[in-house]
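Asks: Quick one: the structure is below, questions incoming.
The values are calculated or read from the model by the stated rules, or taken from the named source; none is laboratory data. Keep in mind that this is a model prediction, so the values were computed, not measured. All Cβ positions, glycine included, derive from the backbone under ideal geometry; neighbour counts span all protein chains shown. Accessible surface areas use protein heavy atoms only, side chains included; no ligands, DNA or RNA. Shrake-Rupley method; radii C 1.70, N 1.55, O 1.52, S 1.80 Å.
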Number of protein chains: 2
Amino acid sequence: MKSVIWEDTIVALATPPGIGAIGVIRLSGKKTFEIINELFPSKNFAEEASHSLHVGFIKHHGEILDEVVVSIYRSPRSYTGEDVVEISGHGSPFVLQQIINACIENGARLARPGEFTQRAFLNGKLDLTQAEAVADLIASNTSISQKAALHNIRGGFSQQLKELRERLIRFSALIELELDFSQEDVEFADRRQLQELIDEVDKVTTSLIDSFKLGNVVRNGISVAIIGKPNAGKSTLLNALLNEERAIVSDIPGTTRDTVEEVINIDGILFRLIDTAGIRQHSTDIIESAGMQRSIEKMKQADLVIYLFDVNEITTQELGEIKNNFSIQQSRYLLVGNKIDLVSEQSAREKFSEDPEILFISAIKQQHIDDLKERMVNTVLEGEVQTESTIVTNARHFHALRQLRTALGDVKKGINDKIPGDLVAIDIRRCLHYLGEITGEITNEDQLDYIFSKFCIGK
Amino acid sequence: MKSVIWEDTIVALATPPGIGAIGVIRLSGKKTFEIINELFPSKNFAEEASHSLHVGFIKHHGEILDEVVVSIYRSPRSYTGEDVVEISGHGSPFVLQQIINACIENGARLARPGEFTQRAFLNGKLDLTQAEAVADLIASNTSISQKAALHNIRGGFSQQLKELRERLIRFSALIELELDFSQEDVEFADRRQLQELIDEVDKVTTSLIDSFKLGNVVRNGISVAIIGKPNAGKSTLLNALLNEERAIVSDIPGTTRDTVEEVINIDGILFRLIDTAGIRQHSTDIIESAGMQRSIEKMKQADLVIYLFDVNEITTQELGEIKNNFSIQQSRYLLVGNKIDLVSEQSAREKFSEDPEILFISAIKQQHIDDLKERMVNTVLEGEVQTESTIVTNARHFHALRQLRTALGDVKKGINDKIPGDLVAIDIRRCLHYLGEITGEITNEDQLDYIFSKFCIGK
């Protein structure tokens with residue numbers, strides 16, 4: 001496949017800013033080899049093999065700027081599909097900036113954010129969901145978000161949609177053929193088969209829409225409020241949850257440390273513990289009424305509420321009222337009975353008639369903390385995660401899928417009502433439009449610019 | 001040349017931490033290909049050509065971690081001299097950390113700071129001054145520091161010393177031969193030629209020692225104090241100096257912005273303007289006596305003092321006293337007469353009898369600011385910079401050179417005093433020792449560890 005080569009050659013630093021052992025500058029476009037030949041005069045890159053590495057000096061205005069390694073990728077065997085070189089220099093921001101300036105003086109221009117990937121998309125190297133997954137992978141900070149992004153980079157998501165789209169296109173063509181014979185009242189498109197296909201697309205669409213709830217969790221994490229009476233042991237539980245995991249979280253550079261939120265990564269899902277400062281401050285001497293108010297506020301903010309109580313203090317009647325309350329509020333919650341170290345787990349269980357909803361722990365003795373974590377994860381995943389299936393993490397895809405479902409409903413209704421083929425064809429085209437919008441077969445420039453502007457520079 | 005291959009294989013992130021388009025991980029050592037074969041199972045890297053690039057997936061425990069480009073460099077054609085691979089992955093710190101962890105699980109260990117360069121040095125890929133210049137280049141933030149580092153990376157400095165060292169070694173061997181014939185009172189080593197060589201080494205050594213004053217400026221910049229009476233126009237001058245250059249300085253990531261110092265880069269030299277906050281605060285309503293005290297303090301801290309005065313206010317007598325004062329204090333200073341826009345430049349010149357030491361400017365009209373900058377640079381360079389010659393920027397080299405000069409003096413004195421050859425030989429060996437210490441022919445492990453510990457990780 002021959003690639004489009006853009007007239008303007010773009011250049012950018014591809015590695016993070018700051019001092020490091022090395023820094024990599026990326027060049028792509030028509031003048032790539034011309035520019036690198038000018039800067040690296042000891043070789044003629046137009047004659048070198050693709051996918052080869054070259055050590056030497058970058059020279060500009062007769063001065064050596066750096067000793068570098070140049071990687072070359074010939075069109076179309078490159079990320080963008082154009083001729084690409086990567087210049088790996090010493091990691092001095094000053095030196096790297098000079099090399100970039102030298103590229104610009106020789107005819108390149110600074111790349112916009114995401115512009116390399118945008119060219120890759122426009123050259124058909126990636127479809128739109130794959131391109132978006134590149135940004136997701138760079139932003140990924142848990143194993144689940146990483147996996148979801150890689151699944152999409154490899155085309156898992158779009159492959160599914162493309163197949164359905166092609167089958168819909170075939171039906172659409174048949175129905176449109178009917179229009180040419182409209183006087184004769186023929187039906188080239190088998191309505192039963194069409195109905196089956198629509199049902200199939202609808203099923204896939206619905207399951208993708210449903211996956212967005214999890215996708216959102218994968219992307220943004222899940223907020224957790226720990227509430228309960230003073231002395232229930234909230235701050236002890238907080239420490240128990242954070243203790244082991246803190247090291248793991250701090251291993252990930254970029255994790256925000258300066259908010260009051262604490263974040264724990266359990267099985268690849270980020271749980272953001274909200275108002276942990278509040279827990280630490282008010283753990284002992286909170287005023288009851290203010291405490292209640294605060295608890296209600298926190299419940300409203302949280303995706304998941306952990307209600308912690310002292311098994312030795314609470315009555316079964318009180319607990320019943322609390323459960324009712326949660327049901328009314330429609331909160332996702334976990335009931336956690338603390339301080340089983342003061343009685344026995346068995347007698348605690350008996351007190352609450354072996355209620356399977358309650359998890360019994362001892363925060364201070366770190367008993368059953370792992371069980372609590374498992375329940376937290378299960379509450380989020382609801383057993384529905386198959387890591388091999390597509391998880392929609394992107395709000396743009398989610399909204400297109402919802403519009404697709406509406407259009408599918410219209411097609412179904414049209415078939416049921418036996419409306420004329422030309423009207424059905426319009427609804428099918430709407431379906432095709434939304435499907436194409438997701439994978440990028442149908443785009444407009446503004447939308448593309450918006451999508452790629454959220455990338456980092458150099459990608 | 002066959003390289004030493006270390007038993008342990010080292011791994012590190014070579015690019016700066018943080019999120020970027022890409023991040024590069026470097027592996028070097030005996031198990032390099034074994035590890036990359038394990039992680040990138042679609043190729044057998046033991047059979048691939050050196051200096052080639054390979055696109056594919058990193059897999060670990062059956063899971064895909066990332067889509068990457070692997071660069072391979074076969075021993076001895078690599079930075080360290082060992083088998084080296086570089087894995088260029090998506091710039092997510094989380095993903096890169098997982099790849100590093102996978103390398104470690106497969107038998108690598110995390111590299112210490114500078115350990116790749118240390119191996120390069122131990123394999124004779126670089127001598128010690130070249131290795132040190134790598135770190136200097138990464139830290140370089142002006143064109144002069146960059147040029148000095150590149151000169152040394154290319155072996156400019158050590159080449160000079162190595163030649164002298166070899167010639168000294170020959171003399172040393174001849175003198176030591178005399179010892180075997182000590183009964184016969186022969187002189188194999190021509191004392192006149194030896195004296196000439198010692199003079200030559202001494203001359204080179206002295207010029208290198210002298211270059212350290214500039215080298216220090218190149219490395220650390222030069223501190224400048226602007227002093228003068230209130231209303232002389234100090235804050236206006238400060239703004240005039242900063243105005244154009246500020247953009248250039250802020251182009252350099254890593255320039256400290258949170259100190260009260262402001263930094264300007266003039267012709268590749270960093271001028272650090274001290275106490276600029278003081279100038280801004282006290283420019284108008286300073287109390288005279290406190291102002292004087294402050295000026296003296298600032299003069300003591302500064303490498304260069306700019307004395308600014310209002311040409312319309314100061315008397316020639318006052319100015320004479322100020323010049324005397326500077327001479328007594330042995331400060332490097334520039335006399336700058338401001339506000340020539342209020343009179344004429346000509347009448348200002350005449351008032352001070354065409355004193356060539358005074359530079360006349362108008363800070364507010366930005367007149368002759370470039371001339372001031374030129375004078376600032378000349379004051380530092382004192383006309384002595386030939387960019388092609390070696391500038392000693394490294395304190396370790398400076399101290400070794402000073403010890404070398406002492407030892408050379410002892411050799412000279414010994415020859416003059418016609419002391420026995422065996423005693424001269426001891427002094428020559430001291431010279432050889434200090435020369436070898438600079439280039440790394442003579443080292444001890446502690447010293448090496450100390451030198452390389454100041455590198456960044458991944459280099």
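Asks: Mind counting the residues in the stretch A:155-173 that are more than 14 Å from chain B (Cβ to nearest Cβ) and on the phi > 0 side of the Ramachandran plot?
Replies: So the count comes out to 0.
Asks: In addition: Can you work out which of the residues in the stretch A:426-455 that are within 14 Å of chain B (Cβ to nearest Cβ) and open to solvent by less than 40 Å² (accessible area, probe 1.4 Å) is farthest from A:Arg170 (Cα to Cα)?
Replies: Among residues in the stretch A:426-455 that are within 14 Å of chain B (Cβ to nearest Cβ) and open to solvent by less than 40 Å² (accessible area, probe 1.4 Å), the one farthest from A:Arg170 (Cα to Cα) is A:Phe455.
Asks: Turning to a different aspect of this structure: Count, please, the residues in the stretch B:34-63 that happen to be modelled with pLDDT under 95 and facing chain A (nearest Cβ under 8 Å).
Replies: Residues flagged as modelled with pLDDT under 95 and facing chain A (nearest Cβ under 8 Å) within the stretch B:34-63 amount to 1.
Asks: Right, here's the next one. For the stretch A:50-69, which positions are open to solvent by less than 60 Å² (accessible area, probe 1.4 Å) and either farther than 21 Å from B:Ile22 by Cβ or touching a helix residue (DSSP H, G or I) at 6+ places or on another chain (Cβ under 6 Å) (or both)?
Replies: Listed by number, the residues that qualify are A:Gly56, A:Phe57, A:Ile58, A:His60, A:Ile64, A:Leu65, A:Asp66.
Asks: Right, next: Residue check: is A:Val217 assigned by TED's automatic domain parsing to the domain that holds A:Ser344, modelled with pLDDT of 80 or more and farther than 30 Å from A:Glu345 by Cβ?
Replies: yes
Asks: What pairs come up if the first residue lies in the stretch B:40-61 and is in the same structural domain as B:Ser88 (by TED's automatic domain parsing), the second is in a strand (DSSP E or B) and charged (D, E, K, R), and their beta carbons are under 7 Å apart, counting only those six or more places apart or on different chains?
Replies: From the stretch B:40-61, the pairs are B:Pro41/B:Lys59; B:Phe57/B:Glu67; B:Ile58/B:Asp66.
Asks: Which members of the stretch A:300-325 meet the condition of being within 23 Å of A:Leu241 (Cα to Cα) and in a helix (DSSP H, G or I)?
Replies: A:Lys300, A:Gln301 - these are the residues of the stretch A:300-325 that are within 23 Å of A:Leu241 (Cα to Cα) and in a helix (DSSP H, G or I).
Asks: Here is a follow-up. Quick one: in the stretch B:411-444, which of the residues that are among the hydrophobic types (A, V, I, L, M, F, W, C) and touching a Gly at 6+ places or on another chain (Cβ under 7 Å) is farthest from B:Leu128 (Cα to Cα)?
Replies: Here the answer is B:Leu423.
Let's see how each residue does on (1) within 26 Å of A:Ser207 (Cα to Cα); (2) of a type in the set (A, V, I, L, M):
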{"site": "A:Ile72", "(1), (2)": "no, yes"}
{"site": "A:Asn123", "(1), (2)": "no, no"}
{"site": "A:Ala139", "(1), (2)": "yes, yes"}
{"site": "A:Glu166", "(1), (2)": "yes, no"}
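Asks: Okay, next question. Within the stretch A:316-338, how many residues are touching a helix residue (DSSP H, G or I) at 6+ places or on another chain (Cβ under 9 Å) and open to solvent by less than 80 Å² (accessible area, probe 1.4 Å)?
Replies: The number of residues fulfilling the criteria is 10.
Asks: Looking only at the stretch B:347-366, which residues are under 13 Å from B:Leu241 (Cα atoms), over 34 Å from the mean Cα position of the chain (by Cα) and surrounded by 16 or more Cβ atoms within 10 Å (Cβ to Cβ)?
Replies: B:Ser362
Asks: Sort out which residues of the stretch A:70-122 are among the aromatic types (Phe, Trp, Tyr), open to solvent by less than 20 Å² (accessible area, probe 1.4 Å) and free of Cβ contacts under 8 Å to residues at least 60 places away in the same chain, and write them in order of number.
Replies: Across the stretch A:70-122, the qualifying residue is only A:Tyr73.
Asks: Is there a residue in the stretch A:403-420 that is among the polar types (S, T, N, Q), more than 30 Å from A:Val186 (Cβ to Cβ) and open to solvent by less than 50 Å² (accessible area, probe 1.4 Å)?
Replies: No, there is no match, as no residue in the stretch A:403-420 is among the polar types (S, T, N, Q), more than 30 Å from A:Val186 (Cβ to Cβ) and open to solvent by less than 50 Å² (accessible area, probe 1.4 Å).
Asks: Another question, then. Against the definition (among the acidic types (Asp, Glu) and without any contact (Cβ under 8 Å) to a residue 40 or more places away in the chain), how does B:Asp422 come out, yes or no?
Replies: Spelling it out, it is not the case that B:Asp422 is among the acidic types (Asp, Glu) and without any contact (Cβ under 8 Å) to a residue 40 or more places away in the chain.
Asks: I'd like to check something: does the stretch A:325-347 contain any residue that is free of Cβ contacts under 8 Å to residues at least 24 places away in the same chain and of a type in the set (A, V, I, L, M)?
Replies: yes
Asks: Continuing with the same structure: Cβ-Cβ distance below 6 Å, separation of 6 or more or different chains: which pairs start in the stretch A:232-250 with a residue that is β-branched (Val, Ile, Thr) and end on one that is at pLDDT 55 or above?
Replies: Here the result reads A:Thr236/A:Ala363; A:Thr236/A:Ile364; A:Ile248/A:Asn265; A:Val249/A:Val263; A:Val249/A:Asn265, each pair linking the stretch A:232-250 to a residue that is at pLDDT 55 or above.
Asks: A further question follows. Looking at B:Val343, is it buried (at least 20 other Cβ atoms within 10 Å of the Cβ) and over 16 Å from B:Lys234 (Cα atoms)?
Replies: No.
Asks: Considering only the stretch B:1-33, state which residues are outside any helix (DSSP H, G or I) and away from chain A (no Cβ under 14 Å).
Replies: B:Met1, B:Lys2, B:Ser3, B:Val4, B:Ile5, B:Trp6, B:Glu7, B:Asp8, B:Thr9, B:Gly29, B:Lys30, B:Lys31
Asks: What number of residues in the stretch B:7-33 are crowded, with 17+ Cβ neighbours inside 10 Å and farther than 21 Å from A:Leu137 by Cα?
Replies: 9
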